[in-house]
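The structure under discussion appears below in the form of structure tokens.
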Amino acid sequence: MSECMLCQSRRAEQPYLIEPVGIRIWSIEELIYFIGENLPLIDEDILNQKLVDWIKEELHMRRLAGILGQIIGKPFSTREFVLPIYHETGYPGETPMRKTLNAMDDFNALPTPVRLKKKGDVLVHHMRYLRAIETYQSVLDYQQSSHLGTQFTGVIYHNIGCVYAKLFQMEEACSCLKESWKLLHSSDSLKHYLYAVYLKDGREAFLGEAKGLNIDPATQNVIEKNIADIDAGEHPENPDETLAGWVQAYHKSTGQ
């Protein structure tokens, strides 16, 4: 956890491992904080019997565990599970609680592919790259029976490509980023694809692909400027950091 928290309830002797992101928590306050900061992740992968058992055995909150145990015994919403935790602890207060619950309701009202996309984004934030790829891929599978358009699909391919690049699986990265460019036809998606080509096969391959795509001189100049250090014969000192910066800029420009 990245912030200092004043925990007034019992601290567990053994922490609870939130497996999807590999984070360990030691108190009910940390659980509440995690939920509020990671709403796209809060589903049955986290809200399950294992968590209820930990609340009962490690935190000795038997009454709360009993309530939660009854809830997970049937179909339930995240609000139904989280609300008793708020009521039992009184943490973090009425206003933050309402803010989180409203955000939870807004998130759950989104179409399923959008919720999955946001879940993938949070997994990337936690550097759980393989899980993120699986989640983004489930969005593409879902897209076959939905109609959110080429823009959304292009963003998903872009995200998958960037995650593959973080894993230095450049063949897959190039394939996904090229598919993203085909769908989006934006200068940003083209730049990211050609940058991946450069990382995979070098400058000559980059120039050949740029020529084959008939990109205009102005666009090529912008791309060349962005990889000027590579033109000098050197890879970026931190390719992962460079890609992460481009991902942030891309999302800012598209609003995704």
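Filter the range 45-76 down to residues that are in a loop (DSSP other than H, G, I, E, B) and aliphatic (A, V, I, L, M) and give me whichever is nearest to the chain's Cα centre (by Cα). Across the range 45-76, the extreme among qualifying residues is Ile46.
Results for (1) free of Cβ contacts under 8 Å to residues at least 60 places away in the same chain; (2) within 24 Å of His158 (Cα to Cα); (3) exposed (fewer than 15 other Cβ atoms within 10 Å of the Cβ), shown as yes or no for each residue.
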| position | (1), (2), (3) |
| --- | --- |
| Leu31 | yes, no, no |
| Gln49 | yes, no, yes |
| Met61 | yes, no, no |
| Ala65 | yes, no, no |
| Ala103 | no, no, yes |
| Leu116 | yes, yes, no |
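Here Cys176 meets each of (1) of a type in the set (A, V, I, L, M, F, W, C); (2) over 25 Å from the mean Cα position of the chain (by Cα); (3) at pLDDT 85 or above with one exception, condition (2).
Determine which member of the set Val163, Val197 is modelled with pLDDT of 95 or more, surrounded by 18 or more Cβ atoms within 10 Å (Cβ to Cβ) and not polar (S, T, N, Q). Let's see the steps before the verdict.
Values: Val197 fails: modelled with pLDDT of 95 or more.
From the options Val163, Val197, the qualifying one is Val163.
Kindly indicate the residue of the range 13-44 that is within 19 Å of the chain's Cα centre (by Cα) and part of a loop (DSSP other than H, G, I, E, B) and also nearest to Lys99 (Cα to Cα) among those meeting that condition. Checked the range 13-44; the qualifying residue nearest to Lys99 (Cα to Cα) is Asn38.
For the range 118-137, the set of residues classified as within 16 Å of Cys176 (Cα to Cα) and crowded, with 16+ Cβ neighbours inside 10 Å consists of Gly120, Tyr129, Ala132, Ile133, Thr135, Tyr136, listed by residue number.
Just to be sure, is Leu83 assigned to a helix (DSSP H, G or I), aliphatic (A, V, I, L, M), more than 14 Å from Asp43 (Cα to Cα) and outside the structural domain of Thr150 (by TED's automatic domain parsing)?
Numbers: assigned to a helix (DSSP H, G or I): yes; aliphatic (A, V, I, L, M): yes; more than 14 Å from Asp43 (Cα to Cα): yes; outside the structural domain of Thr150 (by TED's automatic domain parsing): yes.
Here the answer is yes, as Leu83 does meet what is asked.
The residue that is nearest to Gln151 (Cα to Cα), counting only those in the range 178-211 that are outside any helix (DSSP H, G or I) and among the small types (Gly, Ala, Ser), is Ser186.
Checking Glu94, Glu80, Glu58, Glu44 one by one, the residue that is closer than 26 Å to Met127 by Cβ, out of contact with any Leu (no Cβ under 8 Å at 6 or more places or on another chain) and among the acidic types (Asp, Glu) is Glu44 and no other. Criterion applied to Leu39, Leu59 was being under 24 Å from Gly22 (Cα atoms) and in contact with a Phe, Trp or Tyr (Cβ under 8 Å, 6 or more places away or on another chain), and the one residue passing it is Leu39. Which of the residues spanning the range 12-25 are surrounded by fewer than 20 Cβ atoms within 10 Å (Cβ to Cβ) and either among the basic types (Lys, Arg) or within 14 Å of Glu57 (Cβ to Cβ) (or both)? Answer for the range 12-25, where residues must be surrounded by fewer than 20 Cβ atoms within 10 Å (Cβ to Cβ) and either among the basic types (Lys, Arg) or within 14 Å of Glu57 (Cβ to Cβ) (or both): Ala12, Glu13, Gln14, Pro15, Arg24.
Residues checked against (1) in contact with a Ser or Thr (Cβ under 6 Å, 6 or more places away or on another chain); (2) modelled with pLDDT of 95 or more; (3) assigned by TED's automatic domain parsing to the domain that holds Leu59; (4) at positive phi:
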{"position": "His87", "(1), (2), (3), (4)": "no, no, yes, no"}
{"position": "Gly90", "(1), (2), (3), (4)": "no, no, yes, yes"}
{"position": "Pro96", "(1), (2), (3), (4)": "no, no, yes, no"}
{"position": "Lys119", "(1), (2), (3), (4)": "yes, yes, no, no"}
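The values are calculated or read from the model by the stated rules, or taken from the named source; none is laboratory data. Please read these numbers as outputs of a predicted model, since none were measured by experiment. Cβ sites come from the backbone with ideal geometry, for glycine too, and all protein chains shown count toward neighbours.
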